[in-house]
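What follows is a single structure, written as structure tokens, with notes after it.
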Amino acid sequence: MEHSFFFKNNKNQRLFGILHAAEQKLTKVITIIYCSPIFEEKLHSHRVLVNFSRYAASKGIHVLRFDYYGDGESEGLFEEASIESRIDDIESAVEYVKNQVNPSLIILLGLRLGGTLAVLAGKSLPKVDGIVAWSPIIDVKQYLYELLRINLSYQLTVHKKIQYNREALISQIMSGESVNIEGYELTNPFFNEAIHINLLTSAHQFDQPVFVCQINEKQVLDKMLQNFVDSLNVENKQFKNFEQSRFWLTQKRIYSPCTELFNSTTKWILSLLRR
């Protein structure tokens, strides 16, 4: 019930995808398009997302997982991809499932930066019927600045001192050079596009329902995430906190079950059938 293949994006570039076919028939066909995070967060969360895709398929929901251009098994180099190219790839994935599966409902589900991309893509894609964001990154500039600390730590390990501080690294990126983060080359225009993304400072007008999930070991709500949900100008929106490990931080041999997250997400999606 799982089929791997390549499909073309709007620029005729090959993207790698895996379709988890629904194991039962519902009154309407639903397809989730998974928008993955990037850097090591994608690798660390891979097992959980495979498990979720199989769980959703067992409930009668198709799931398409795919690699953005420049990532995973898809064509291109990581440093060639940008925020805009990834949003275009999501749009291409929507077109693909529309033509191949012909679903009645298409849902974008994204984790971390993928959740941010799902929100941004969903605003401009009328063919999308719902958006699910798992711990989306609200302030992408802050997120990237935190990632740059990895490069600083590497410098300390190798050179016993910091040769280039954060400001110098940013200057390198903006001047057209690249900065290595965990083996990934961080470049412009991705960096220049990303640092201007803050979901709290953008007006979000949706026609689609939105389900935002906070995933954290603590019960304390993320105020920034809560404020983002409050800012959404949509009638059907939901925000829920899930007290569990942040599975995108480290790769483990054994992951704790995400039963509540999986169950709540699929129930919310299936509730859209009653609209």
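The values are calculated or read from the model by the stated rules, or taken from the named source; none is laboratory data. Remember, predicted model here, so these are calculated numbers, not experimental data. With ideal geometry, Cβ positions are generated from the backbone for all residues, glycine too; neighbour counts draw on all protein chains shown. Remember, those area values only see protein heavy atoms, side chains included, never the ligands or the DNA or RNA. Shrake-Rupley method; radii C 1.70, N 1.55, O 1.52, S 1.80 Å.
The single condition from (1) at pLDDT 90 or above; (2) open to solvent by 40 Å² or more (accessible area, probe 1.4 Å); (3) closer than 30 Å to Thr259 by Cβ that Glu217 fails is (1).
Being surrounded by 14 or more Cβ atoms within 10 Å (Cβ to Cβ), within 21 Å of Tyr96 (Cβ to Cβ) and without any contact (Cβ under 8 Å) to a residue 40 or more places away in the chain holds for only one residue in Leu148, Leu125, and it is Leu125. No other residue among Arg112, Arg47, Arg54 is on the phi > 0 side of the Ramachandran plot, open to solvent by 10 Å² or more (accessible area, probe 1.4 Å) and of a type in the set (D, E, K, R) apart from Arg112. Every residue in segment 1-38 that is open to solvent by less than 20 Å² (accessible area, probe 1.4 Å) and in contact with a Phe, Trp or Tyr (Cβ under 8 Å, 6 or more places away or on another chain), please. Phe7, Asn9, Leu15, Gly17, Ile33, Tyr34, Ser36, Pro37, Ile38, listed by residue number. Residues of segment 60-72 include none that is part of a helix (DSSP H, G or I), crowded, with 18+ Cβ neighbours inside 10 Å, within 17 Å of the chain's Cα centre (by Cα) and among the hydroxyl-bearing types (Ser, Thr, Tyr).
Exactly one residue out of Asp129, Asp139 is of a type in the set (Asp, Glu) and farther than 19 Å from Leu200 by Cα, and it is Asp129.
Filtered by the rule that a residue be open to solvent by 20 Å² or more (accessible area, probe 1.4 Å), touching a Ser or Thr at 6+ places or on another chain (Cβ under 8 Å), at pLDDT 90 or above and within 19 Å of Ala56 (Cα to Cα), segment 241-275 gives no residues.
Residue-by-condition table, conditions (1) within 16 Å of Gly17 (Cα to Cα); (2) over 12 Å from the mean Cα position of the chain (by Cα); (3) without any contact (Cβ under 8 Å) to a residue 60 or more places away in the chain:
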site	(1), (2), (3)
Ile83	no, no, no
Ile90	yes, no, yes
Ala93	yes, yes, no
Asn102	no, yes, no
Leu105	no, yes, no
Leu109	yes, no, no
Val119	no, no, no
Asp129	no, yes, no
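Lys98 meets each of the listed conditions (1) of a type in the set (Lys, Arg); (2) surrounded by fewer than 21 Cβ atoms within 10 Å (Cβ to Cβ); (3) touching a residue at least 60 places away in the same chain (Cβ under 8 Å) apart from (3).
Residues considered: Leu64, Leu26. Of these, the only one that is without any contact (Cβ under 8 Å) to a residue 60 or more places away in the chain, of a type in the set (A, V, I, L, M, F, W, C) and closer than 27 Å to Pro257 by Cα is Leu64. When segment 155-179 is filtered for residues that are surrounded by 14 or more Cβ atoms within 10 Å (Cβ to Cβ) and of a type in the set (Ser, Thr, Tyr), the ones remaining, listed by number, are Tyr164, Ser178.
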